[in-house]
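Here is the structure we will look at.
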Amino acid sequence: MKTDLVEVNIEDERWQALDIEALAQRAGVATLQHLGIDPDGFEIGLLACNDARIADLNADFRGKAVPTNVLSWPSQERARPGEHPLPPEPDPGGMPVELGDIAISYDTCVREASGVGKETADHVTHLLMHGVLHLLGYDHISDQDAAIMEGLEGEVLGKLGISDPYRVQDT
């Protein structure tokens, strides 16, 4: 029997009010399905934490002792600079394949959403989708890679009824 795509570990209880489990499933499934990947064959770990915890993780893994919104750790390197990464292969035996882990900070997400006048749930959905794309090998280091990744984010968010954060909105 298939379990959820995203296994959520909640360290900061404030995430409960946003139903982080539902947001994570929605973002992960929508992203994989948009790319033609069957979510039933894969698993993702998510740590729903706060600024203090994510700052520690950022220091440990990136040498930057400051909070950030989302971090990701792909289980396999799939990046192909300037191109779409190769999709992950499902396990021939039917066991879910681990795509990697994501950490997301409540404090930074709420602060950023408020700062741009977005619903926190929409902003979190976008950041979770962003993290899933990183697990799949997408990146935004070069302008070309950023255009690919941001284009995908806008397409998937549009399917979910969430405005594209990279497009200037008419006021």
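The values are calculated or read from the model by the stated rules, or taken from the named source; none is laboratory data. All of these numbers come straight from a predicted model, not from anything done at the bench. For neighbour counting, all protein chains shown are included, and Cβ atoms are generated from backbone atoms with ideal geometry for every residue, glycine included.
Could you list, in sequence order, all residues of region 6-56 that are surrounded by fewer than 18 Cβ atoms within 10 Å (Cβ to Cβ) and in contact with a Cys (Cβ under 8 Å, 6 or more places away or on another chain)?
E11
Out of the residues in region 133-170 that are assigned to a loop (DSSP other than H, G, I, E, B), in contact with a helix residue (DSSP H, G or I) (Cβ under 9 Å, 6 or more places away or on another chain) and among the charged types (D, E, K, R), state the one that is modelled with the highest pLDDT.
Residue satisfying both the conditions and the ranking: D139.
Looking at (1) surrounded by fewer than 21 Cβ atoms within 10 Å (Cβ to Cβ); (2) touching a residue at least 12 places away in the same chain (Cβ under 8 Å); (3) of a type outside the set (A, V, I, L, M), which is the one condition that is false for P92?
Among (1) surrounded by fewer than 21 Cβ atoms within 10 Å (Cβ to Cβ); (2) touching a residue at least 12 places away in the same chain (Cβ under 8 Å); (3) of a type outside the set (A, V, I, L, M), the lone unmet condition for P92 is (2).
Can you tell me which residues in region 149-171 are touching an Asp or Glu at 6+ places or on another chain (Cβ under 8 Å) and crowded, with 16+ Cβ neighbours inside 10 Å?
M149, E153, G154, L157, I162, D164, P165
Identify, please: which residue in region 95-146 is crowded, with 22+ Cβ neighbours inside 10 Å and of a type in the set (V, I, T) and is, among those, farthest from G36 (Cα to Cα)?
I104
Take the conditions at pLDDT 95 or above and in contact with an Asp or Glu (Cβ under 6 Å, 6 or more places away or on another chain) and apply them to V97. Does it pass?
yes
Picking from L32, L57, which residue would you name as being touching a residue at least 60 places away in the same chain (Cβ under 8 Å), under 25 Å from S142 (Cα atoms) and in a helix (DSSP H, G or I)? First the steps, then the outcome.
On the way: L57 fails: touching a residue at least 60 places away in the same chain (Cβ under 8 Å).
Criteria check complete, one pass: L32.
Looking only at region 17-29, filter to residues that are within 14 Å of A48 (Cα to Cα) and either outside any helix (DSSP H, G or I) or hydrophobic (A, V, I, L, M, F, W, C) (or both); which one of those is farthest from the chain's Cα centre (by Cα)?
A17
Among the listed residues E83, E13, identify the single one that is of a type outside the set (G, A, S), under 21 Å from H126 (Cα atoms) and out of contact with any strand residue (DSSP E or B) (no Cβ under 9 Å at 6 or more places or on another chain).
Values: E83 fails: under 21 Å from H126 (Cα atoms).
The conditions single out E13.
From Q16, Q33, Q76, Q25, grab the single residue that is at pLDDT below 95 and out of contact with any Gly (no Cβ under 7 Å at 6 or more places or on another chain). First the steps, then the outcome.
Working: Q16 fails: at pLDDT below 95; Q33 fails: at pLDDT below 95; Q25 fails: at pLDDT below 95.
Sole residue among the options that is at pLDDT below 95 and out of contact with any Gly (no Cβ under 7 Å at 6 or more places or on another chain): Q76.
I need a count of the residues in region 61-90 that are touching a helix residue (DSSP H, G or I) at 6+ places or on another chain (Cβ under 7 Å), part of a loop (DSSP other than H, G, I, E, B) and not small (G, A, S).
8
Being at negative phi, of a type in the set (S, T, N, Q) and touching an Asp or Glu at 6+ places or on another chain (Cβ under 8 Å), is that true of even one residue in region 29-40?
no
Of all the residues that make up region 101-132, how many are assigned to a strand (DSSP E or B) and out of contact with any Ser or Thr (no Cβ under 6 Å at 6 or more places or on another chain)?
Residues meeting the conditions: 4.
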